[in-house]
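A quick write-up on the structure given underneath.
All of the numbers you see were taken from the coordinates with simple rules; none came from a lab. Because the structure is predicted, anything quoted here is derived from the model rather than measured. Cβ atoms come from the backbone with ideal geometry, glycine included; neighbour counts cover every protein chain shown.
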Amino acid sequence: MKNFIKEYFNFSKREQNGMLVLFAILIVLIGVNIFVSVHKSNQKVDFSDFETEIDGFLVYQQTHFDDSELFAFDPNTASREDLLRLGLSPKSVNGIMNYRDKGYKFYKPEDITRVRTLKPEEYETIKDYIVIEKSSYGNNRQHNRDYSYPDEDRNEPQLFDFDPNTATKYELERLGFKTWQAENIVKYRNKGGRFKQPSDITKMHGIDKDFAEKLMPYIKIESQFQTASYDILVNINTATEIDFQKLKGIGEAYSKRIVAYREKLGGFVSVEQLREVYGMTDELYNSISSNLKIGSEPIRTININTADFKTLVSHPYIDKNIASAILNYRDFAKTIKSIDELVKQKAISQSDYDKISKYISVE
């Protein structure tokens, strides 16, 4: 046994030194590994760039029909800006532009569904506004023989009572209007135009006077559209879409956007806020501002002691940074006793506070 131990465990001085060096290296490696692991565990991972990329991807695919402007357009010639104004997602707009860049044409409205990025709900929203001009693809009809061209005669008209201020495109076509004429009427209304008396129909470009005379007995204009009083005052916090449409220049699209924006805000605190409505021009605002007023109706506020992140960022004035600042301060303070604390404790800037203070509360 002694010989065995001596033979296998008896090391020379040089071998002993070598083993000590190996042990020292091993201890150093273990220590470095432990230090790196602890250091990594204490590091905070910044996902902001990743979150930004995700947000951008979602925006790229997201439609915005709530604040869009629907109007007649030709998908063969419409600009990128026009397609975005319609409410289509940037992804779908890029798909349409790429389709055209490859030399393809749209010969009838349903051809736009060939664009793979276009969602079914997008097509359903815009299909009635698609007007394909023959000049945008030439006179070659062999591409689609069943397509009804804008200048072709339609079937025998069906005469019935109608209001040109509210009739749908389909109803106008049944009356005998050609597709492009019906589209022009819808486009005229969407821009704020109104027919105040039956004879106004003759002022539309391209409508034959004999055809208009035949329609005249059937035109029944509702009283709300017959006159547009310049003396009316509209309370922008209680007005309906129809109320807004009584103002010169405010059509269906504008009135819907105003009401939708008011709902998102919780109410207007200033007439000037109408300038923030998508598509509102300085010229249009200046023309109607004297007909607008603010009532004493209460504004709907967000309780910052109970609201979650999603509720906060749903307000047009509260972005992700402001929402995060409010929630972080609430976590610190436990209970926010006054909205003034947000700016006094420098949770948010004075300018942000001035903008949102009317729309937040602590109870």
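At a glance:
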read-out	value
Long-range amide H partners of Ser361 with built H, under 5 Å	Ile302, Asn303, Ile304
Note, ³J(HN,Hα) from phi for segment 119-133, Karplus 6.51, -1.76, 1.60, rounded to Hz, x at Gly and Pro	7, x, 5, 5, 4, 4, 6, 9, 4, 6, 9, 7, 10, 9, 7
Cβ crowding within 10 Å averaged over residues, with 295-301, 357-363 ranked highest first	357-363, 295-301
Segment 225-363 pair-distance distribution - Cα-Cα, 10 Å bins, rounded %	11, 38, 26, 17, 7, 1
Ranked packing of 176-188, 278-290, 79-91, most packed first, by mean Cβ within 10 Å	176-188, 79-91, 278-290
Contact order relative to length of segment 234-293, as percent, for alpha carbon pairs under 8 angstrom and 6 or more apart	41
Listed peptides 121-133, 204-216, 25-37 by packing density, highest first (mean Cβ within 10 Å)	121-133, 204-216, 25-37
Sequence-distant lysines (8 or more away, or on other chains) whose Cα lies within less than 18 Å of Lys344	Lys334, Lys355, Lys358
Other-chain or far-sequence residues with amide H under 5 Å of Leu292's (modelled H)	Val234
For Asn237, distant residues with modelled amide H under 5 Å away	Gly295
Distance violations [Cα-Cα > 26 Å] among Lys248/Lys310; Lys127/Lys214; Lys105/Lys248; Lys264/Lys320; Lys127/Lys248; Lys220/Lys248	Lys248/Lys310; Lys127/Lys214; Lys105/Lys248; Lys127/Lys248
